[in-house]
Amino acid sequence: MRSTSPDTSPTALRQRLKEDGYLFIPDLFPRDLVLSARRHIVEDMAENGFIEQGTDVMKAAMHSDYVQDPTKPGPNLLGRRDLQKCEQLLKVVEHQHLKHLFAGLYSGSGEGSVTDDVQSQNDDQDVTKVVLMSIESSWDDVKTYLPHGFPSVLVV
């Protein structure tokens, strides 16, 4: 898997996406925000019995019952509205770097980078709402909000 720097220009990002069919951008989000969201989710999993007791919660070691019996229902994290609205998670999935990534990919501009802190006409709007959906969700449940002229984007 080829890594792409968050400082890569939109033109180069589009070329990489065309060549590879994906973008792998480590460090796109501030690490502290990602760790905070992770902690919230795995602590919830631990409280609901999905994490092995006595282990470091951040290692997220699945409880042995779920490892031994993969047919046992899992935590269904993506279907949980309370987690979808969790402040720690929203700080990641609605981060300005993600908004700038999509704006750069689909605007046609070749200038700047994902991490540029530039003021755009859409900064005060909700440029993207990343929709998290579980396998059980239907396409009718999915709503993606993008400025006029953007192709629909779904991040699963």
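What the table shows:
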{"item": "All positions within the stretch 94-106 that are touching a residue at least 40 places away in the same chain (Cβ under 8 Å) and either outside any helix (DSSP H, G or I) or closer than 20 Å to Ile41 by Cα (or both)", "result": "His95"}
{"item": "Out of His95, His100, His40, His63, sole residue that is in contact with a strand residue (DSSP E or B) (Cβ under 7 Å, 6 or more places away or on another chain) and not charged (D, E, K, R)", "result": "His63"}
{"item": "Total residues in the stretch 34-52, condition buried (at least 16 other Cβ atoms within 10 Å of the Cβ) and more than 17 Å from Glu94 (Cα to Cα)", "result": "7"}
{"item": "Matching entry among Gln53, Gln88 (being in a loop (DSSP other than H, G, I, E, B) and not small (Gly, Ala, Ser))", "result": "Gln53"}
{"item": "Unmet requirement for Leu90, which otherwise passes all of (1) surrounded by fewer than 16 Cβ atoms within 10 Å (Cβ to Cβ); (2) modelled with pLDDT under 60", "result": "(2)"}
{"item": "Residue, nearest to the chain's Cα centre (by Cα), within the stretch 1-47, restricted to residues that are in a helix (DSSP H, G or I) and of a type in the set (Val, Ile, Thr)", "result": "Val34"}
{"item": "Test: Arg2 is closer than 22 Å to Leu101 by Cα and buried (at least 16 other Cβ atoms within 10 Å of the Cβ)", "result": "no"}
{"item": "Near pairs, Cβ below 7 angstrom, 6+ apart or cross-chain, from the stretch 53-78 (touching a residue at least 40 places away in the same chain (Cβ under 8 Å) and farther than 14 Å from Ile41 by Cα) to any residue that is of a type in the set (D, E, K, R) and in a helix (DSSP H, G or I)", "result": "none"}
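The values are calculated or read from the model by the stated rules, or taken from the named source; none is laboratory data. The shown structure was predicted, so the numbers you read here are calculated from the model rather than taken from an experiment. Cβ atoms come from the backbone with ideal geometry, glycine included; neighbour counts cover every protein chain shown.
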